[in-house]
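In what follows, a structure is listed as structure tokens, so that the remarks can point back to it.
The values are calculated or read from the model by the stated rules, or taken from the named source; none is laboratory data. As the structure is a prediction and not an experimental result, all values here were calculated from the model. For neighbour counting, all protein chains shown are included, and Cβ atoms are generated from backbone atoms with ideal geometry for every residue, glycine included. Areas reflect the complete protein model, heavy atoms only, side chains present, ligands, DNA and RNA absent. Shrake-Rupley method; radii C 1.70, N 1.55, O 1.52, S 1.80 Å.
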Amino acid sequence: MTMRIFIPRDAAAVAVGADEVATAFEQAAAISGLPVEIVRTGSRGLCWLEPMVEVATAAGRLAYGPVSVEDVASVLESMASNGPHALLLGVADEIPWLRRQTRLTFARCGVIDPRSLDDYRAHGGYKGLERALPLGSDAILNEVTASGLRGRGGAGFPTGIKWKTVAQAKADRKFIVCNADEGDSGTFADRMIMEGDPFLVIEGMTIAGITAGATKGYIYIRSEYPHAVEAMNAAIVAARRGGYLGDKIGGSTCSFDMEVRVGAGAYVCGEETSLLESLEGRRGIVRAKPPLPAHHGLFGKPTVINNVLSFAAIPFILAEGAKAYADFGMGRSRGTMPIQLAGNIRQGGLFETAFGITLGELVDDIGGGTFTGRPVRAVQVGGPLGAYFPRALFDTPFDYEAFAARDGLIGHGGIVVFDDSVDMRKQARFAMEFCAIESCGKCTPCRIGSTRGVETIEKIMRGERLTENLALVEDLCNTMKFGSLCALGGFTPYPVLSALKHFREDFAPVPTTLQAAE
């Protein structure tokens, strides 16, 4: 009987030796004469245990990790004999870190072969599209709206409203655009789903196309994601071959096709209008609004633009119904959020759960505290433009409105942890420097304000005219927040002002030896 061994091909796992481990298993199996089939999957998201290798058994898939090339021979022997091993983690689905999750979007990630359309369908794939095809646009819109799904890219705009606007627009052609330009530090959910379950994104975009009346879609991926580009291109070919893209999808009268476009890695192209400029072959510069992309988007046509995770949530909503999705979450934040734990953290990775879990639970309980073992001092939520939260705010529920009430944002769901050795002046400076480097340059508050911000914070770090320069930084932040054309300049004040508010002691002058003696 052939032994099925599952090894991730996710970029994070590959970075720590997954390809070499897969080769070693092939060689060890050949030497021992064991019949082995190696299936390359995505990642389950337990990054500290990668490469995590699984084997199919009657009791379920047993997991081992982290597995190195040197471990392969003994792990293979354990698999063959069903014997003990120091790296044996038990049945994968029963690992506490996985069992505590509510995996709606990431249910198949790390489980299936992302190159296999048959495997995707065998695990419930395309049930959402199959239900959507006979429903029609209005009924689909009702489902998406009733689910409460909001844009998972950071803005949190209701998805149903955006789709309805495009569906009602009059035009000879419409487009679906997937924003996969995942540029926030500490975020990797988009990459994981594209590499581990690409058909899910295709299915979600196809449903959007049917709903809005669009026949063409583009997925815009940053060039730093070559594995995701390869996975999406392979899945598009397979979906087209299987009748799920192109003309008469699934035997219906609907048509939809899509292709991958690769961006050069400009952070500002994560902003939807800059992305559109890049897609059209121009430099990624923010467009003034109005008109909105829903009315005048790609090539001047009505366009639905959503993030990868937004499209990836759609198949579940259509397959299981709006209520099944909306039953999770709190307040206006419905469903689940794939939260990415990164930075100085013991158990980093992807944790999908319903909205409402507190920040403290995520950092201390799920994440296990800092990797260094030192106390957690600050947590940045929402990427490089997110606010820094101190431990005093760890009771904040992971919810759009709860974070906004405390001058924060959940953004794309990234959490970066810092221990008590962090210098918050340097973090504030970094925020301004990041904005200055990544600004498209179109608007003055972002382009000039961030540059002046770096200079002023450097003066503060040198102890120059602290009172005046601290006031100037706050004034610059207000100008950027209310005067910038897009979120890059508009949100840069969040990390800066939160550092000033919650960690003011870092911005105090360092006493000289003489002052300390006095």
> When the label point is put 7 Å from the Cα of D420 along its Cα-to-beta-carbon vector, which residues of region 368-385 have a backbone N closer than 14 Å?
Replying inline: 370, 372-378
> Applying the Karplus parametrisation 6.51 cos²θ - 1.76 cosθ + 1.60 with θ = phi - 60° to the phi angles of region 145-158, what ³J(HN,Hα) value in whole Hz is obtained for each residue in order, glycine and proline being reported as x?
Replying inline: 5, 5, 5, x, 4, 10, x, 8, x, x, 6, x, 6, x
> In nanometres, what is the gap between the two model label sites at T372 and D113, each 7 Å from Cα along Cα-to-Cβ?
Replying inline: 4.5 nm
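Looking at the square roots a ≥ b ≥ c of the eigenvalues of the Cα gyration tensor of region 25-88, which shape do they give, rounded for a/c under 1.5, prolate if a/b is larger than b/c, or oblate? Display every interim value, and only then the final one.
Details: a/c = 1.43, a/b = 1.37, b/c = 1.04.
Cα axes put region 25-88 in the rounded bin.
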> So, in nm, how far is label L135 from label R282 when the simple model puts each one 7 Å beyond its Cα toward the Cβ?
Replying inline: 3.6 nm
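Given a Förster distance of 51 angstrom, what is the FRET efficiency for E20 paired with A146, based on the Cβ-Cβ distance and rounded to 0.05? Could you put the intermediate results ahead of the total?
On the way: r = 48 Å, r/R0 = 0.94.
Efficiency, rounded to the nearest 0.05: 0.60.
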> Applying the Karplus parametrisation 6.51 cos²θ - 1.76 cosθ + 1.60 with θ = phi - 60° to the phi angles of region 264-279, what ³J(HN,Hα) value in whole Hz is obtained for each residue in order, glycine and proline being reported as x?
Replying inline: 7, x, 6, 4, 5, 6, x, 7, 4, 6, 5, 4, 4, 4, 5, 4
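With a 10 Å radius around each residue's Cβ, average the other Cβ atoms per peptide and rank 173-186, 246-259, highest first.
173-186, 246-259
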> Peptides 211-220, 468-477: what's the order by average Cβ count within 10 Å, highest mean first?
Replying inline: 211-220, 468-477
> Among all the lysines, which ones have a C-alpha under 22 Å from K164's C-alpha, if same-chain residues fewer than 8 places away are not counted?
Replying inline: K174, K216, K289, K301, K323
> What order, most packed first, do the peptides 345-357, 286-298 have when packing is the mean number of other Cβ atoms within 10 Å of each residue?
Replying inline: 345-357, 286-298
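Multiplying the sequence separation of A471 and I161 by 0.36 nm and subtracting their Cα-Cα distance, what value in nm do you get? Before the final figure, lay out each step's value.
Details: separation 310, 0.36 × 310 = 111.60 nm, distance 4.03 nm.
Computed gain between A471 and I161 is 107.6 nm.
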> Got a sec? What order do V260, V16 fall in by accessible area at 1.4 Å, biggest, i.e. largest, first?
Replying inline: V16, V260
> Residue by residue, what Karplus-based ³J(HN,Hα) values in Hz, rounded to whole numbers, does region 473-483 have, using 6.51, -1.76 and 1.60 with θ = phi - 60° and x for Gly and Pro?
Replying inline: 4, 5, 5, 4, 4, 5, 5, 5, 4, 9, x
> Given the Cα-Cα distance of Q168 and D395 and 0.36 nm per residue of separation, how much length would full extension add, in nm?
Replying inline: 77.5 nm
>> Less than 16 Å from a label point 7 Å out along the Cα-to-Cβ axis of I437: which backbone N atoms in region 214-229 qualify, by residue?
In response: 224
>> Under the rule of at least 5 residues apart or a separate chain, name every residue whose amide H is placed under 5 Å from the amide H of G343.
In response: V417
> Taking only the alpha carbons of region 392-473, what extent do you get along each of the three principal axes, in Å, biggest first?
Replying inline: 37, 34, 21
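Whenever you get a sec, line up V417, V91 from highest to lowest accessible area (probe 1.4 Å, protein heavy atoms).
V91, V417
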> Pulled fully out, how much extra length does the chain show between A58 and T253, if you take 0.36 nm times their separation in residues and subtract their Cα-Cα distance?
Replying inline: 65.9 nm
>> Going by amide H atoms built from the backbone, whose H comes under 5 Å of the H on T102, apart from near neighbours?
In response: E352, T353, A354
> Given R₀ = 41 Å, FRET efficiency for H227-E458 by Cβ-Cβ distance, to 0.05?
Replying inline: 0.60
>> Under 5 Å between amide hydrogens, which residues at least 5 positions from G413 or on another chain qualify, with H placed 1.01 Å from N in the peptide plane?
In response: G382
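Top to bottom by accessible area (1.4 Å), largest first, where do W48, W97 land? The partial results should precede the final answer.
Details: W48 80, W97 20 Å².
From most accessible down to least: W48, W97.
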> What's the FRET efficiency of R332 with I31 using the Cβ-Cβ distance as r and R₀ = 41 Å, to the nearest 0.05?
Replying inline: 0.10
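Return the equivalent ellipsoid semi-axes of region 233-315 as a descending list in whole Å, where each equals the square root of 5 times an eigenvalue of the C-alpha gyration tensor. Write down the numbers at each step before the final one.
Numbers: eigenvalues 146, 47, 29 Å².
One finds semi-axes of 27, 15, 12 Å for region 233-315.
Using a ≥ b ≥ c from the Cα gyration tensor of region 368-518 (square roots of the eigenvalues), is it rounded, prolate or oblate, where a/c under 1.5 gives rounded and otherwise the larger of a/b and b/c decides, a/b for prolate? Before the final figure, lay out the partial values.
On the way: a/c = 1.96, a/b = 1.05, b/c = 1.86.
Since a/c reaches 1.5 but b/c is at least a/b, the shape of region 368-518 is classed as oblate.
Semi-axes of the equivalent ellipsoid of the chain: what are they in whole Å, largest first, if each equals the square root of 5 times a C-alpha gyration tensor eigenvalue? The partial results should precede the final answer.
Values: eigenvalues 297, 209, 74 Å².
Semi-axes, largest first: 39, 32, 19 Å.
Counting other C-beta atoms within 10 Å, and keeping those with at most 15, which DSSP coil trypsin sites (Lys or Arg not before Pro) do you find in region 447-513? Don't skip to the end; give the middle numbers.
Values: sites: R447, R452, K459, R462, R465, K481, K501, R504; in loops: R462, R465.
Loop-located and lightly packed - R462, R465.
So which trypsin sites (Lys or Arg not before Pro) in region 78-131 end up in coil per DSSP with only 14 or fewer other C-beta atoms within 10 Å? Kindly include the intermediate steps, with their values, before the conclusion.
Numbers: sites: R99, R100, R103, R108, R115, R121, K127, R131; in loops: R100, R103, R108, R115.
Sparse-neighbourhood loop trypsin sites (Lys or Arg not before Pro): R100.
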> Taking the Cα atoms of region 57-203 alone, what are Rg (to one decimal) and Dmax (as a whole number) in Å?
Replying inline: 20.3, 65
>> Given the DSSP H assignment, sum -39500 (n - 2.57) over each helix run of at least 4 residues in the chain and divide by its residue total; what's the result at 222 nm in deg cm²/dmol, nearest 500?
In response: -12000 deg cm²/dmol
>> Could you tell me how far the Cα centroid of region 335-371 sits from the Cα centroid of region 127-169, in Å?
In response: 28 Å
